[in-house]
Amino acid sequence: MKIVGGKWSNWSGGVVCKPRQVVAPRDEVELAAEVRKAAGPVRVPGTGHSFTPLNATAGTIIDLAAFDGLKGFDPDKQAVTFGAATPLWEIGALIHPMGVGLKNMGDIDRQTLGGVVGTGTHGTGPSLKSFSAEVAGFRLLLANGDIIHCSADENEDVFAGGRTSFGALGVMTEISMYVRPAYKLVENNFLLPLDELFERLSELVQKTRHFEFFCFPYSDVAVCKSLDESHGDAPEPRTAEDMRKRGERVGGESRTFIWINELLPYVPFVLKPAHRLFSQLMPGTGRVRWSHEIFPSPRPVRFNEMEYAVPVEKGPDTVREIIKMVRSRRINTGFPLEYRTVAADDVWMSPFYERPSATIAVHQYHKVDTAKLFDACEAIFRNADGRPHWGKRHTRTATELAHLYPRYQAFRELRRRLDPIGKFLNPYLRSLFE
């Protein structure tokens, strides 16, 4: 958690607040006491990897760092329980010796488990669901200090609504995740001309367990990445500490990427050659690794991000429209679009609720004004019935969200019942869910 001069900021530096207090309870008893007496709004930011003001507060920030690590394993249910503040980079090393692994992961592992569950974060794969949808149960501390256990068989409505709830219902202290036997994946990276990519996209998505592509808007090729299960040889898995260090290391390629992004606002005429260079540099050699090591990639270059989930059948045309728009308006950006697929789920406020989806993410370097690119992209996402990622920038209103999410009103009623005074609502969340 980043507190400097009494101010908290998120990972990108785009969200800053000055809380009245920061508390670091050591257990649930201390947490309950702190929540009961806390000056609201009460927020639990984890590693601050959300780009929306989910955790900005002038009230109380809770540092949940003590709530980490492995808490239990139910082999019959194939579910592992973790402290909610356990960082993703630690999880694989904790459970690999037990012979199990998470079913899927995203391409960043700097977040906490509570953070990715609470915002509906995801990986890629047409048959694979988000982190939230793979939750088997969780412990939730309410505004009055009570703790309830939530699962498909206990507090079912809280389970349905709480798996993606951005800390608006209470504080998750423990989360149980469904797992599967440990497995290895082989990674293949390759370039495809855009026309060929869109012609073959459905085939590529369906024939691999995980497929995604990255497209720099001024390049004529896309960088494609596939992951499939493998029985090939893999190195011994890294320790948790090695995984932590790997994600923080800034290598030569990252330094080059930073340097070019620092330069682009002043020399826009290098956009096209820069995008072609980035496209050629991104593909790596094929490799086999244990799943928890190969899903995430180091992402040390700071950025801000917008991501929407659109109906999967609208995904290709939405990407085409964004590329065309960026080129026609000559928008300056040093980052690629990222395209993934996610299976439908039953989590009330999940962007994938009852809808197989394609997710499209746009990024800007953290020092660059996002308005020109993000506003134009969001207009396209709106027209495609897009649902925003809760941890990534968007400007949707309560009225719009009510139309996008069939269970929106049910979630609002649940929130009011669990937290009638709105202790966990900061101004941003209050505008959306009060």
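The values are calculated or read from the model by the stated rules, or taken from the named source; none is laboratory data. These numbers were taken from a predicted model, which means no experiment stands behind them. Don't worry about glycine lacking a Cβ; one is built from the backbone with ideal geometry, like all the others, and counts go over all protein chains shown. We work out accessible area using only protein heavy atoms, side chains counted, and drop any ligands, DNA or RNA first. Shrake-Rupley method; radii C 1.70, N 1.55, O 1.52, S 1.80 Å.
For this structure, a couple of remarks:
- Extreme residue, surrounded by the fewest Cβ atoms within 10 Å (Cβ to Cβ), among residues of region 88-105 that are in contact with a Leu (Cβ under 8 Å, 6 or more places away or on another chain) and not β-branched (Val, Ile, Thr): Leu94
- Taking the criterion of being part of a loop (DSSP other than H, G, I, E, B) and either in contact with a helix residue (DSSP H, G or I) (Cβ under 6 Å, 6 or more places away or on another chain) or of a type in the set (Asp, Glu) (or both), the residues of region 331-367 that qualify are Ile331, Asn332, Thr333, Gly334, Asp346, Val347, Trp348, Met349, Ser350, Glu354, Pro356.
- For region 1-47, a residue qualifies if it is of a type in the set (D, E, K, R) and either assigned to a helix (DSSP H, G or I) or within 28 Å of Asp109 (Cβ to Cβ) (or both), and the qualifying residues are Lys2, Lys7, Arg26, Asp27, Glu28, Glu30, Glu34, Arg36, Lys37, Arg43.
- Check on Arg299, within 26 Å of Glu203 (Cβ to Cβ) and either among the basic types (Lys, Arg) or part of a loop (DSSP other than H, G, I, E, B) (or both): no
- Of the residues making up region 190-219, those that are under 30 Å from Leu373 (Cα atoms) and under 22 Å from the mean Cα position of the chain (by Cα) are Val205, His210, Phe211, Glu212, Phe213, Phe214, Cys215, Phe216.
- Looking only at region 115-132, residues that are open to solvent by less than 20 Å² (accessible area, probe 1.4 Å), of a type in the set (Gly, Ala, Ser) and farther than 22 Å from Phe213 by Cα come to 2 in all.
- Residue within region 424-434 that is assigned to a loop (DSSP other than H, G, I, E, B), under 21 Å from Arg43 (Cα atoms), open to solvent by 40 Å² or more (accessible area, probe 1.4 Å) and modelled with pLDDT under 95 present: yes
- Tally of residues being part of a loop (DSSP other than H, G, I, E, B) and either open to solvent by less than 20 Å² (accessible area, probe 1.4 Å) or not charged (D, E, K, R) (or both) across region 380-395: 7
- Candidate set from region 48-70 (those that are part of a loop (DSSP other than H, G, I, E, B) and among the hydroxyl-bearing types (Ser, Thr, Tyr)); member that is farthest from Pro25 (Cα to Cα): Thr52
- Residue in region 368-379 that is in a loop (DSSP other than H, G, I, E, B), at pLDDT 95 or above, open to solvent by 20 Å² or more (accessible area, probe 1.4 Å) and not aliphatic (A, V, I, L, M) present: yes
- Residue list for region 38-86, restricted to those being charged (D, E, K, R), touching a strand residue (DSSP E or B) at 6+ places or on another chain (Cβ under 9 Å) and surrounded by fewer than 24 Cβ atoms within 10 Å (Cβ to Cβ): Asp63, Asp68, Lys71, Asp74, Lys77
- Of all residue pairs spaced 6 or more apart or on separate chains, those with beta-carbon atoms under 8 Å, a first member in region 398-411 that is surrounded by fewer than 13 Cβ atoms within 10 Å (Cβ to Cβ) and a second member that is assigned to a loop (DSSP other than H, G, I, E, B) are Pro406/Glu354.
- Residues (free of Cβ contacts under 8 Å to residues at least 60 places away in the same chain and not hydroxyl-bearing (Ser, Thr, Tyr)) located in region 184-205: Leu192, Pro193, Asp195, Glu196, Leu197, Glu199, Arg200, Glu203, Leu204
- Contact annotation: residue pairs with Cβ atoms under 6 Å, 6 or more positions apart or on different chains, pairing a residue in region 312-333 that is open to solvent by 70 Å² or more (accessible area, probe 1.4 Å) with a partner that is at pLDDT 95 or above and part of a helix (DSSP H, G or I), are Glu321/Ile380.
- Those strands (runs of 3 or more DSSP E) of region 76-157 in which at least 2 residues are under 24 Å from Gly391 (Cβ atoms) and of a type outside the set (S, T, N, Q), considering only elements entirely within it, cover 79-83, 100-102, 135-141.
- Matching entry among Arg276, Arg302 (being open to solvent by 60 Å² or more (accessible area, probe 1.4 Å), in contact (Cβ under 8 Å) with a residue 24 or more places away in the chain and in contact with a His (Cβ under 9 Å, 6 or more places away or on another chain)): Arg302
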